[in-house]
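Q: Dropping the structure in here first, questions after.
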């Protein structure tokens, strides 16, 4: 079973603006997969569909077939989809809502009504995995940009979804922050987790298994980075390579 199957996907927002047209992709378990394209090409919209945000929270007309593991996100809703695919937004501050790092990691599990002891054990695991043991009682506002991104990633991974979706995870980070996030992505890959990323600077994601290049809501190419770099004119035409 693939992690993601999308067939003949079309989507238009409520105002009638068509953003995606005839998108078909398969993403394997354990694959690191990148969506790239200019602003307005449909990258984030596609992530919102995979995570169930569209159409459950953002309305529009959705046609085609989308399967995340064994579910259709549009039909099962956000809570069930989050158990399969956790999404981290570009702006980590908009996603972090609790007053301490520990509470942020526990929040989603509490909403799932997990037993207190199970929550404590999982929070401890995440603090260790992401190197945040000393930040347990800190306010997220005191964290660096890279640390906030790690916290947001750890929080969506608390229920252990097999798929992690990251919307431009390196944007606004300094070199230290990018190194922290890169290490976290490598770690998830080593665990066999599927990682899907939106990225506008392909130099940051040379390690990906495949790049999906979007232009005006359609697929231009979907290949391994070395293969696409041999035909850089495709990337330049799509506006994702200088």
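Q: Output the residue which, of all residues in the range 68-81 that are crowded, with 21+ Cβ neighbours inside 10 Å and either modelled with pLDDT under 95 or assigned to a helix (DSSP H, G or I) (or both), is nearest to the chain's Cα centre (by Cα). If you could, list the steps in order and put the result at the bottom.
A: Kept after step one, since they are crowded, with 21+ Cβ neighbours inside 10 Å, are these residues of the range 68-81: 68, 73, 81.
Then drop every residue that is not either modelled with pLDDT under 95 or assigned to a helix (DSSP H, G or I) (or both), which leaves 73, 81.
Numbers: 73: 15, 81: 13 Å.
Looking at the filtered set, the residue picked out is 81.
This table checks each residue for (1) in a loop (DSSP other than H, G, I, E, B); (2) surrounded by fewer than 21 Cβ atoms within 10 Å (Cβ to Cβ); (3) modelled with pLDDT of 95 or more.
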| residue | (1), (2), (3) |
| --- | --- |
| 149 | no, no, yes |
| 155 | no, no, yes |
| 159 | yes, yes, yes |
| 165 | no, no, yes |
| 197 | no, no, yes |
| 200 | yes, yes, no |
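Q: Can you tell me which residue among 192, 239, 217 is farther than 22 Å from residue 22 by Cα and either in contact with a strand residue (DSSP E or B) (Cβ under 7 Å, 6 or more places away or on another chain) or in contact (Cβ under 8 Å) with a residue 40 or more places away in the chain (or both)?
A: Details: 239 fails: farther than 22 Å from residue 22 by Cα; 217 fails: farther than 22 Å from residue 22 by Cα.
Just one listed residue meets the conditions, 192.
Let's see how each residue does on (1) out of contact with any strand residue (DSSP E or B) (no Cβ under 8 Å at 6 or more places or on another chain); (2) in a loop (DSSP other than H, G, I, E, B); (3) on the phi < 0 side of the Ramachandran plot:
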| position | (1), (2), (3) |
| --- | --- |
| 128 | yes, no, yes |
| 146 | yes, no, yes |
| 171 | yes, yes, yes |
| 177 | yes, no, yes |
| 183 | yes, no, yes |
| 186 | yes, no, yes |
| 204 | yes, no, yes |
| 212 | no, no, yes |
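Q: In the range 46-67, which residue that is part of a loop (DSSP other than H, G, I, E, B) and in contact with a helix residue (DSSP H, G or I) (Cβ under 9 Å, 6 or more places away or on another chain) is nearest to residue 164 (Cα to Cα)? Quick ask: steps written out before the conclusion?
A: Our first condition is that a residue be part of a loop (DSSP other than H, G, I, E, B); within the range 46-67, this holds for 51-52, 57-59.
Next cut, in contact with a helix residue (DSSP H, G or I) (Cβ under 9 Å, 6 or more places away or on another chain) only: 51-52, 57-58.
On the way: 51: 9, 52: 13, 57: 19, 58: 20 Å.
Only one residue fits best here, namely 51.
Q: Then there is this: Please find, within the range 223-242, the residue that is modelled with the lowest pLDDT out of those that are surrounded by fewer than 17 Cβ atoms within 10 Å (Cβ to Cβ) and under 16 Å from residue 199 (Cβ atoms). I'd like the intermediate steps shown before the answer.
A: Keep residues of the range 223-242 that are surrounded by fewer than 17 Cβ atoms within 10 Å (Cβ to Cβ), which gives 223-224, 226-227, 229-233, 236-237, 239, 242.
Now narrow it down to the ones that are under 16 Å from residue 199 (Cβ atoms): 223-224, 229, 239, 242.
On the way: 223: 97, 224: 98, 229: 96, 239: 93, 242: 84.
Of everything passing the filter in the range 223-242, 242 is modelled with the lowest pLDDT.
The values are calculated or read from the model by the stated rules, or taken from the named source; none is laboratory data. Keep in mind the model is a prediction, meaning the values are calculated, not measured. Here Cβ is always computed from backbone atoms with ideal geometry, including for glycine, and neighbour counts include all displayed protein chains.
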